[in-house]
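First the structure, in the form of structure tokens, and then the observations on it.
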Amino acid sequence: MSKIMNVTEDEAVKRALEGNAIILGGVEVHVRFVRYKGDPGIRVDYTPPFGPDDCPDWMEDINNRLAGLCRSTVMNMNDHARKRLLALTEQDAGKDRMIYRLYVTSRIEDDGSHDTQVHDVVDPEFERIDRGIVGRAAAVRREVERVLGLK
């Protein structure tokens, strides 16, 4: 999955006026294998698409809402999928793995209208271990599009 860069609010406005798509908000779900008191486990982090330290203040509320939606929907796995995710993260030997990214972009068209889109990407390995992720991710996309009045 590609890296998304952070810009200031002024730079975002400038880029939008030039016809570039800008990110309005987003979330990445990262997992990592950990041991707690000798027991294996998974650490799950919900971060903005460009890293936890780079989130502009004007985007924080949207990011938090998207993270909550992902926490309650995308990560709502059955026990078998959780065990397979644990095995996958253990193979990564403690390295961080981004398993899902959701973000919303907006572009100002030549006629002055706004083209807002919802994007998401699922790690193919995550998709293989949890077949339900495709449906849950689609549900999240539809909900965000509904809230934004896109569909």
Options R97, R84: the member that is surrounded by 14 or more Cβ atoms within 10 Å (Cβ to Cβ) and more than 20 Å from the chain's Cα centre (by Cα): R84
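From the list L24, L86, L102, L66, pick out the single residue that is assigned to a helix (DSSP H, G or I) and either of a type in the set (K, R) or touching a residue at least 60 places away in the same chain (Cβ under 8 Å) (or both).
On the way: L24 fails: assigned to a helix (DSSP H, G or I); L86 fails: either of a type in the set (K, R) or touching a residue at least 60 places away in the same chain (Cβ under 8 Å) (or both); L102 fails: assigned to a helix (DSSP H, G or I).
After ruling out the rest, the residue left standing is L66.
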Which members of the stretch 105-131 meet the condition of being over 19 Å from the mean Cα position of the chain (by Cα) and not in a strand (DSSP E or B)? E109, D110, D111, G112, S113
Return yes or no: is R65 of a type outside the set (S, T, N, Q) and at pLDDT 85 or above? yes
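The values are calculated or read from the model by the stated rules, or taken from the named source; none is laboratory data. What you see is a predicted model, and the numbers here were worked out from it, not measured in a lab. Ideal geometry is used to build each Cβ from the backbone, glycine not excepted, and the neighbour counts take in all protein chains shown.
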